[in-house]
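A short write-up of the structure that comes next.
All of the numbers you see were taken from the coordinates with simple rules; none came from a lab. Values in this document were obtained by computation on a predicted structure and should not be read as measured data. FYI the Cβ positions are ideal-geometry reconstructions off the backbone, even for glycines, and counts take in every protein chain you see.
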C-alpha cells in the first residue's frame, strides 16, 4: 500500500514563516495585536495565533522577550549587511518622528504649507526630506515631544554595545519597511536616563 503523502504547507527553511516574521516585526516595533492586524489586513485572532506560535518556536514566555530578540529573517538584506559590517558607533541624526492627529491633513500641511519634500508613505506613516534629516509623521494622539533617531552602520552591533554600556533595551533591531527596489528600513530602540525612547536606524540595500 502506498504511503499517504503528508498534507499542509511544506516546511519553511527559516525559524519563522514569512507571516510569522511580519507579526514578529510588529511586536518588536511595540505594536499591539489590533494595530498589527490593521496594518497587515488580517484578524486580531490571526495575529494572536502567530504570536503564540512564535513564542513557542523561540522558547520565550512573553512578548517582552520577543521585543528584545535580535533575530534576522533568512535572506534579508540585513543578514548580509551584519556579516560584512565593521562596527561603528552612533552617527548623525537621521530621523525625527512626530505624532499627528490626521495623517492626510498633516501630509498636505507639511507638503504644501511647510514646503517639505515627500519621500514615501507607508500606511498611516508619511516621510519627508528635511535638509538631510528625515521627518516621520504617524497618526495618533499628538504629544509635545518628538523621537530622535540616530543613523548607524552596524545596527545589531550598536544595539549590543549600548546594552553592555548599561542602556535599557526597548526594542531589538527589526525591519519596518521594504521599498520597491528592495532596500530595507530597520530600527531599534533604547531608553535614555529619563525613560524616553532613542531610535537607531539603518537603511540596507537589496541583496545582489
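Some observations on this one:
- Those residues of region 134-174 whose amide nitrogen sits under 20 Å from the label point placed on residue 104, 7 Å along Cα→Cβ: 137-142
- Of all beta bridges that DSSP places with both ends in the chain, some 75 percent have antiparallel geometry.
- Note on the chain: helix-only mean residue ellipticity at 222 nm, from DSSP H runs of 4+ residues weighted -39500 (n - 2.57) and normalised by residue number, equals -8500 deg cm²/dmol.
- Highest to lowest packing among 168-180, 117-129, scored as the average C-beta count within 10 Å: 168-180, 117-129
- Once the Cα gyration tensor of region 18-69 is diagonalised, semi-axes √(5λ) in Å: 17, 11, 9
- Between residue 45 and residue 32, full extension at 0.36 nm per residue minus the direct alpha carbon distance yields a gain of 3.5 nm.
- When the Gaussian network model of the chain links Cα atoms closer than 10 Å, the mean-square fluctuations of 73, 141, 160 top out at 141.
- Result for the chain in a Gaussian network model with C-alpha springs under 10 Å: among 114, 31, 137, the largest mean-square fluctuation is at 114.
- Helix 44-58 axis versus longest C-alpha principal axis of the chain: approximately 70°, rounded to the nearest ten.
- Treating each Cα of the chain as one equal point scatterer and applying the Debye formula with no solvent, the log10 of I(q)/I(0) at q = 0.14 Å⁻¹ comes out as -0.92.
- For region 99-208, the orientation-averaged shadow of the C-alpha convex hull comes to 8.0 nm² (one quarter of the hull surface).
- Relative to the longest principal axis of the Cα atoms of the chain, helix 18-28 runs at roughly 40 degrees.
- 0 to 90° range, to nearest 10: angle between helix 155-164 axis and the chain longest Cα axis: 80
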